[in-house]
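I have placed the structure first, in the form of structure tokens, so that the comments after it can refer back to it.
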Amino acid sequence: MENENEQPLIISSRTIQEESQNTINKTNDALPIDGATEFFKQFCYESKKLWYLAGPAVFTSVCRYSLGAVTQLFAGHVSTLALAAVSVENSVIAGFSFGVMLGMGSALETLCGQAFGAGQIDMLGVYLQRSWVILLTTGALLSSVYVFAGKLLRLIGQTEEISEAAGRFALWMIPQLFAYANEFSYS
């Protein structure tokens, strides 16, 4: 292996010893595991590599979903009506908007993957700029859902009192749309 970035994800202790003796396995794959001790060492080695890769994604997901949960916790201490309003806004209005913005951002990931695979690296910047325009425009259009959230909730059968409270809360959550646009532009 000429470059450290070309190392395989799975390397057993036996492979490391053989590598130092210049008798590398031609497929650069891990050799079979013979016992529990070697299995545990290999498990720890692989877990460390996976957490290094997946740790930031896990942290981002926990933070993203904790925001709504923490908001609901505090609203529950205010009143039952506030809890119902925040819950409805988070699950119906914000959930719908999150889904639309996630879909738009996922399309960008596909385009970037195709551009990279085709060797058109210069197109990655173009797609990023287009995603800013498209996602911010989508956020601006979806802001009408937040503005008319009270009426929309009444239209789908929510009670008058909860619809009104959720509509007021939704107005304060409009910046959330543009945070989604920013997040999905870079993910």
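Structural remarks
- GluC sites (Glu not before Pro) restricted to DSSP loop in region 95-187 with at most 16 other C-beta within 10 Å: none
- Relative contact order of region 139-187, defined on C-alpha pairs under 8 angstrom at six or more residues apart (%): 43 percent
- Kirkwood estimate for region 45-187, i.e. one over the average of 1/r between Cα atoms, Å: 17.0 Å
- ³J(HN,Hα), Karplus 6.51/-1.76/1.60, whole Hz, each residue of region 147-158, x for Gly, Pro: 5, 9, 4, x, 5, 5, 5, 5, 5, 8, x, 6
- The calculated FRET efficiency for Glu160 paired with Ala140, based on their beta-carbon distance and R0 = 25 Å, is about 0.30.
- Modelled this way, with points 7 Å down the Cα-to-C-beta line, the labels at Thr80 and Met123 are 5.7 nm from one another.
Bear in mind that the values in this text are calculations on the coordinates, not laboratory data. All values reported here derive from a predicted model rather than from experimental measurement. Positions of Cβ are generated from backbone atoms using ideal geometry, with glycine treated the same way; all protein chains shown enter the neighbour counts.
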